[in-house]
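Have a look at the structure below before the remarks.
The values are calculated or read from the model by the stated rules, or taken from the named source; none is laboratory data. Given the structure is predicted, the values throughout are model-derived calculations rather than measurements. Cβ: placed from backbone, ideal geometry, glycine included. Neighbour counts: every protein chain shown.
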Amino acid sequence: GLYKELYRPQLHFSPKAHWMNDPNGMVYNKGIYHLFFQYYPDGSTWGPMHWGHATSPDMLHWKEQAIALYPDSLGYIFSGSAVVDEKNTSGFGKKGQAPLVAIFTSHDPIGEKARTGKYENQSIAYSLDNGITWTKYAGNPVLKNPGIADFRDPKVMWYEASKKWIMTLATQDRITFYSSPNLKEWTRESEFGAKAGAHGGVWECPDLFPLTHAGKQYWILIVNINPGGPNGGSATQYFTGQFDGHGFTANHTNIKWLDYGPDEYAGITWSNTGKRKIFLGWMSNWAYAGEVPTHPWRSAMTIPRELGLANVNGRLLIKSSPVRELKKQEPPLLTITNNRATTTKGYDTVRNEEPYMLTLTADTIKDCSLVLSNKEGEQVIVGYDASANQYYIDRTRSGKTGFNKGFASRHVAPRFATNHTLRLVLVVDRASVELFADDGLTVMTSIFFSKSWLNPGVIDGPRGGDSKIVVSRLGRVWK
Ligand code: FRU
């Protein structure tokens, strides 16, 4: 039945059927969170892109809506963003009603074939019924390609100080900023990044927003990159710095990754959520997204994550945590205090086949490994390796892995925290695990395809101190 198929996520958004990639146009309006997404409704691999659509009151319980944007004479509808045009700067609003405006890339497949180098242009559309139906602007495209083949994924925000819209655009190996008074006419402001950050692949899906830490405002520039991620394939990097309405200046030259796992990509934040910045990514990797063994859909999104900043020995880092809307159900399924056992067996706690959260706290920084496993002997191991000061997720023996030759592997991420408390939070669904270590200073997302649900267990540690492991049900989101 619906949403009951093998490997179907029970906590994460996935489309009923067919291919999905990047989250698009995420905007909060009138009590509704909108999630649009790169969607191909005629197949389960990437194809001519549409914007699919889902709505939710809480970013967890989704209702899939009709397709919002279809390809047109300018091309496929590639990634982009949406804003609430509160002041009706675009003039699309009617009778005092603020329009929703979507800003996206028109990708012309004919121009791509002909190698014109100008086949990606930015277009807009508006909605007057809170995102259900859309009208494309007759003057599209609103931002024409100056001769850069990769010229896409506009993320637009309102910059109050100059009362202008700012577009952050991925332009091959750098970011270009544009400004506009009305979303229709755009002026080039500056560029950033040709010599900063990771450059193992093309820059895609950027985002720019402020976050406050210790009373001071910083600007965060997110830049997704494919390939060239820390564990191979696609991944999300970010810069911390300042933005003055014209340009971005980073306060560091090193590479920072928002998620070190293999399966978070194209992640950006919701528009119009006030001070809260909520991030959501596509839970897959271009290295194998078209080969994963799910049917009749392909791909899910990550859990929505609230972003914050932390200063770790002078380094400003993003920390991510599952949104507070994700509630643990009481009482816990399992509590283990001061574990001393070493076992490879999982505790048979998740008989009801529900997503769960596992929280581990220990007052010692020593090796520890948690095992997610099933009666078929399939397993995913999540742990901390003290000698390397690394977290890891090992899905080598996680079930079906042969669809892609790099899939069965162990992925690692650095520990940044320097305190002496180990704190791991795992969000486990039917086919994914997300690790939030040290209150989200290190994050890893990994998908897997086991024959049945994986139960939580402890292989080793944490030893030598007081520790507590709590497993709680999270409930299913599809009714
Ligand atoms: C990122 C991306 C975007 C593009 C879209 C096409 O995953 O390649 O750059 O707009 O996917 O589907």
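Numbers at a glance
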item: Among the candidates LYS366, LYS400, LYS375, LYS468, residue that is touching a residue at least 24 places away in the same chain (Cβ under 8 Å), closer than 27 Å to LEU280 by Cα and of a type in the set (Lys, Arg); result: LYS400
item: Residue ID - surrounded by the fewest Cβ atoms within 10 Å (Cβ to Cβ), chosen from residues in region 87-120 that are in a loop (DSSP other than H, G, I, E, B) and touching a Leu at 6+ places or on another chain (Cβ under 8 Å); result: GLY93
item: Identity of the residue in region 321-339, of a type in the set (A, V, I, L, M) and modelled with pLDDT under 95, that ends up nearest to GLY52 (Cα to Cα); result: LEU333
item: Qualifying residue in region 5-23 (condition: in a loop (DSSP other than H, G, I, E, B), aromatic (Phe, Trp, Tyr) and either without any contact (Cβ under 8 Å) to a residue 12 or more places away in the chain or within 14 Å of the ligand (Cβ to nearest atom) (or both)); result: no
item: Residue check, SER432 farther than 17 Å from ASN231 by Cα and either buried (at least 21 other Cβ atoms within 10 Å of the Cβ) or modelled with pLDDT of 95 or more (or both); result: no
item: Within region 269-290, tally of residues that are of a type outside the set (Gly, Ala, Ser), in contact with a strand residue (DSSP E or B) (Cβ under 9 Å, 6 or more places away or on another chain) and under 30 Å from LYS405 (Cβ atoms); result: 5
item: Matching residues in region 224-257 - criterion: being closer than 15 Å to HIS411 by Cα and touching a Phe, Trp or Tyr at 6+ places or on another chain (Cβ under 7 Å); result: PRO230, ASN231, GLY233, SER234, ALA235
item: Residue within region 436-451 that is out of contact with any helix residue (DSSP H, G or I) (no Cβ under 6 Å at 6 or more places or on another chain), over 25 Å from ALA310 (Cβ atoms), of a type in the set (Val, Ile, Thr) and modelled with pLDDT of 95 or more present; result: yes
item: Selection within region 46-68 - of a type in the set (D, E, K, R) and either touching a residue at least 60 places away in the same chain (Cβ under 8 Å) or part of a loop (DSSP other than H, G, I, E, B) (or both); result: ASP58
item: Wholly enclosed strands (runs of 3 or more DSSP E) of region 174-239 bearing at least 3 residues within 16 Å of the ligand (Cβ to nearest atom) and modelled with pLDDT of 95 or more; result: 174-180, 202-213, 216-226
item: Residue within region 169-177 that is surrounded by 20 or more Cβ atoms within 10 Å (Cβ to Cβ), out of contact with any Asp or Glu (no Cβ under 9 Å at 6 or more places or on another chain) and not hydroxyl-bearing (Ser, Thr, Tyr) present; result: no
item: Tally, over region 24-48, of residues that are within 18 Å of LYS63 (Cα to Cα) and more than 13 Å from the ligand (Cβ to nearest atom); result: 11
